[in-house]
Amino acid sequence: MNSLRTNRLLDTSFKYVGIFATLFGLVMLAIFIFNILGDGISRIDWDFLTSLPSRRSSKAGILTAWTGTAWIMMLTALIAIPLGISAGIYLQEYGKKNRLAAIVEVNISNLAGVPSIIYGLLGLEIFVRTLNMGSSLLAGACTLSLLILPVIIVATREALKAVPNSLREASYGMGATKWQTIWYQILPAASGGIITGVILALSRAVGETAPLIVIGALAYVPFVAQSPLDEFTVLPMQIFNWVSRPQKGFLENGAAAIIVLLAITFCMNGIAIYFRNRWQKKINW
Amino acid sequence: MKLIEADDVNVYYGDNHVLKDISLSIKENTVTAFIGPSGCGKSTFLRTLNRMNDYIDTFRLEGKIEIDGKNIYGKKVKVEELRQKVGMVFQKPNPFPKSIFENVAYGLKIQGSNDKDLIADRVEKSLKQAALWGEVKDILNKSALSLSGGQQQRLCIARTLAVKPSIILMDEPASALDPISTAKIEELIFELKTKYTIVIVTHNMQQAARISERTAFFYLGNLVEYDKTSEIFTNPKHKQTENYITGRFG
């Protein structure tokens, strides 16, 4: 009888511990967002989005920063998506399942956890110096591509793995080649999972600062980039630069830029969730 | 005329010897049933006939299987062409998660056909042949997954018919279906055998007796007995066959 009561007690107390743990995260996030909104929302207007950086905080804007972020995201997507999806397809559908494959698999997962600044150092050595790209948008995009490739590869493989074998057999049984089977049946069936992974990977890249600092992205860029070989800045760099200044005006600018960056990330995650839900509905066969 | 001719076929999965010295021949426009307890190798043998075992890494085949006088494991054989000629219907209905129309058109599409009229015509004919047209003619653009299990299986048969095979392999095509759907599939097999050669794996003795002209009994990787279905069921030569068909084991 006693143990029954203790069990009950444990049950209820765990419920409250759980509620507390959940609330802790949510409340912290709410406080953070509330604070940032309070500091920065008044600063956001059309001029803020369309002005070049300036030494006077009231005239400074984030035009170069957000266009830089847009450039970087576009180039990173162009490089990382085809490479990552192709590698995922090869490893899952073509590669033999032997010891070597197992080692490669474990290491790709490990690569996804390597600190981003290490990728920055790698990018500095390979893209900026050896390949002579300089501190350009292209070098930045290549570096961020390396950073998110493992995430895309793993997501692609998981999505392909979830496609039932009966679908492959059905297609092969009709006389389809391996490529036709992948292109017409497997990829469409896995597309939701792949798109979700790609968007989450890109939304990780959007907030990265460390590797871009290392390859020499500038905090003060007084012009909008015109080509992939131009020097650049991105939103997180601009934020980092502003919040490290002592003047209150720049702190407000920093908060405003954070709101813009948050909005971009939330939008991307929202799109990812939309695709994931649609995919999960479709995959119930 | 002999269409399929297997000669001393041995199959291994790694060190596992799963088919032992199988020799049999199958005539054109007949229904042949493969029976035997689970794991006896009947499905494996069926799958060697359109090389669906190729995707298993440890699979190895010795011996010779000829279809239309050509060794299908020969070096020059294009496996895609073989499978267009030797279609397959699986145990669990596995339509593509696409529209009914696209399911049937898939075989033509992968052969590179763009002729819309020809495709539409072939889709209609195949669905009629599979006795499904009446039920789906107004919903061709609906997802194949919205059909019932029995309809899905007939769709899979229609899909196979659309590429005009000469042989259709069926791996327990009715085992996942209710009795009414099963009866429809059996009726269909009966009609199809005038034009096609059908090889069917089944666990259902009555089904084998009802639809097939010849029956092969497999046991532990051996082909124990292969004869006219009436002989196998009324006058089996081997004790093992008799025990199995009378339900004493398996």
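The values are calculated or read from the model by the stated rules, or taken from the named source; none is laboratory data. Predicted model only: the values in this text are computed from it and were never measured. In this analysis, Cβ positions are derived from the backbone assuming ideal geometry, glycine residues included, and neighbour counts consider all displayed protein chains. Heavy atoms of the whole protein, side chains included, go into the accessibility calculation; ligands, DNA and RNA do not. Shrake-Rupley method; radii C 1.70, N 1.55, O 1.52, S 1.80 Å.
Quick notes on this one:
- Sole exception among (1) within 9 Å of chain A (Cβ to nearest Cβ); (2) open to solvent by 20 Å² or more (accessible area, probe 1.4 Å); (3) without any contact (Cβ under 8 Å) to a residue 40 or more places away in the chain; (4) touching a helix residue (DSSP H, G or I) at 6+ places or on another chain (Cβ under 9 Å) for B:Leu118, by number: (1)
- When residues of segment B:43-67 are limited to those that are over 13 Å from the mean Cα position of the chain (by Cα), not in a helix (DSSP H, G or I) and not hydrophobic (A, V, I, L, M, F, W, C), the one nearest to B:Gln206 (Cα to Cα): B:Glu66
- Residue within segment B:140-151 that is away from chain A (no Cβ under 14 Å), open to solvent by 70 Å² or more (accessible area, probe 1.4 Å), of a type outside the set (D, E, K, R) and touching a residue at least 24 places away in the same chain (Cβ under 8 Å) present: yes
- Considering segment B:49-102, and only residues there that are on the phi > 0 side of the Ramachandran plot and not charged (D, E, K, R), the residue that is farthest from the other protein chains (Cβ to nearest Cβ) turns out to be B:Gly63.
- Put simply, of B:Ile180, B:Ile232, B:Ile157 the only residue that is of a type outside the set (Gly, Ala, Ser), free of Cβ contacts under 8 Å to residues at least 40 places away in the same chain, in a helix (DSSP H, G or I) and crowded, with 24+ Cβ neighbours inside 10 Å is B:Ile232.
- Any hit, segment B:53-64, residues being touching a residue at least 60 places away in the same chain (Cβ under 8 Å) and surrounded by 14 or more Cβ atoms within 10 Å (Cβ to Cβ): no
- From A:Gly192, A:Gly249, residue being of a type in the set (Gly, Ala, Ser), more than 30 Å from B:Arg47 (Cα to Cα), touching a Phe, Trp or Tyr at 6+ places or on another chain (Cβ under 7 Å) and part of a helix (DSSP H, G or I): A:Gly192
- Filter result (touching a residue at least 12 places away in the same chain (Cβ under 8 Å) and farther than 19 Å from A:Leu144 by Cα) within segment A:209-241: A:Tyr220, A:Val221, A:Pro222, A:Phe223, A:Val224, A:Asn241
- Of all the listed residues (A:Glu169, A:Glu158, A:Glu125), the sole one being more than 11 Å from chain B (Cβ to nearest Cβ), closer than 28 Å to B:Asn53 by Cα, acidic (Asp, Glu) and assigned to a helix (DSSP H, G or I) is A:Glu158.
- Flag if B:Gly112 is open to solvent by less than 60 Å² (accessible area, probe 1.4 Å) and over 21 Å from B:Phe90 (Cα atoms): yes
- Selection count, segment B:16-42, where residues are under 15 Å from the mean Cα position of the chain (by Cα) and crowded, with 20+ Cβ neighbours inside 10 Å: 8
- The C-beta contact set for segment A:242-256 (first residue farther than 12 Å from A:Ala219 by Cβ, second residue not in a helix (DSSP H, G or I) and not polar (S, T, N, Q), distance under 6 angstrom, 6+ apart or interchain) comprises A:Asn253/A:Ala60; A:Ala256/A:Ile44.
- Considering A:Pro236, A:Pro188, A:Pro246, A:Pro228, the condition of being over 26 Å from A:Gly123 (Cα atoms), away from every other protein chain (no Cβ under 14 Å) and not small (Gly, Ala, Ser) is satisfied by A:Pro246 alone.
- Conditions (1) away from chain B (no Cβ under 14 Å); (2) of a type in the set (A, V, I, L, M, F, W, C); (3) not in a helix (DSSP H, G or I): number failed by A:Val163: (1)
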